[in-house]
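Readers should treat all values here as calculations from the given coordinates under stated rules, not as data from a laboratory. What you see is a predicted model; the values in this text were computed from it and never measured. Cβ placement follows ideal geometry from the backbone for every residue including glycine, while neighbour counts extend to all protein chains displayed.
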Amino acid sequence: MRYFDFHCDTLYESLTKNEDFSCTDFHITPKKAEFFSSYIQCFAICTPEEIRGEKATSFFKAAYERLKIQCDKFGIRLVRDFSDLKDIAENGGKGAVFTVENSSPLAGKIENVKLFKDAGVRIATLTWNGRNELGAGAEVTHSNGITKFGIEVLREYEKNNIIVDVSHASDRLMYDIFKYTEKPIIATHSNSRAVTNVKRNLTDEQFSVILKRGGVVGLNLHKYFLNDNLQSASRYDILRHAEHFLSLNGENSLCFGADLDGCELSGDISGIDNLAEIYEMFLRENYSEALVKKLFFENAYKFCENFDK
């Protein structure tokens, strides 16, 4: 099977724990992903809220160097141009896309967008759950939305073909992003708030706006986002979120952003090696193979392929 995933935190774990991607404690390892014929993984670096200014910039630089070393070591192609995805899609192999979760490494300097661009960053959220120089994240109680600097950054991201990711944005910040952007936007790892009522999940209206803008949404495996009753959370909840999004015309826009190595999984999921079982689960639930292929690979691939055109 082919698999395209818009978000994981394996790079963060590798950097902060000084472990290779082969660490058996990780949800994602090259060995666990061997069964994919084509595998494209977005590797996010999430800068902790307490790291700010030049320290955040240095943290980002260290993550980029770590990603390059790990890709070289394990034969993963580091994708800078989405046109490079075609060879992986057609001929197999593994590809890595560098992404940013929390744009605090910009350190309030618009010229640092070039730092992201030069490192091959293709997707970026403005915030994590808290507040930074760009705006307020999902857990900020009284969100003031986007800042003046945040608006400047959105414009520079679009000029540099960096896709804006609304996962982790507060509702107010998300609507500001909708207002101040023109290109398609993405929610890399966010489920349905109508199914599980948490701030990190998307409302139906937010999902519909993303679709109208030509964007995509990635299903998240974090158990807190899957089920309001944590004890009942399971892989079958993924179906509930998928079914709801599909009822909102998401057939060509729904993808995966599993949040592996950055989330707490339900008891029946242990890591990337379960994705083949989840793929089969969709087929058993009478999803057509054509639709399942869209969800697990084709929608994400086509979005990226078309974004640079």
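Rg over Rh for the range 66-174 works out to 1.05, using Cα positions for both radii and the Kirkwood form for Rh.
Taking 20 Å as the limit for the C-alpha separation, the pairs LYS32/LYS302; LYS68/LYS114; LYS32/LYS61; LYS61/LYS109; LYS117/LYS183 exceed it in the case of LYS32/LYS302; LYS32/LYS61.
Remark: the chain carries a charge dipole of roughly 700 debye about the Cα centre, counting +1 on each Lys and Arg Cβ and -1 on each Asp and Glu Cβ.
Computed over neighbours whose Cβ is under 15 Å from that of GLU139, the net charge equals +1, Lys and Arg +1, Asp and Glu -1.
Less than 5 angstrom separates the built amide H of ALA44 from those of CYS8, THR10, LEU11, THR99, all sequence-distant by 5 or more or on a different chain.
Using a ≥ b ≥ c from the Cα gyration tensor of the chain (square roots of the eigenvalues), is it rounded, prolate or oblate, where a/c under 1.5 gives rounded and otherwise the larger of a/b and b/c decides, a/b for prolate? Because its axes are fairly even, with a/c under 1.5, the chain counts as rounded.
For the chain, the residue among ALA242, SER143, ASN197 whose Cα projects farthest onto the positive side of the dipole built from Cβ charges is SER143. Look at the Cα gyration tensor of the range 121-205: its axes a ≥ b ≥ c give a/c of at least 1.5 with a/b at or below b/c, and that counts as oblate. Would you please classify the overall shape of the range 228-309 from the alpha carbon gyration tensor, given that a ≥ b ≥ c denote the square roots of the eigenvalues, rounded means a/c under 1.5, and beyond that prolate means a/b larger than b/c while oblate covers the rest? Judged from the Cα gyration tensor, the range 228-309 comes out prolate (a/c at least 1.5, a/b above b/c).
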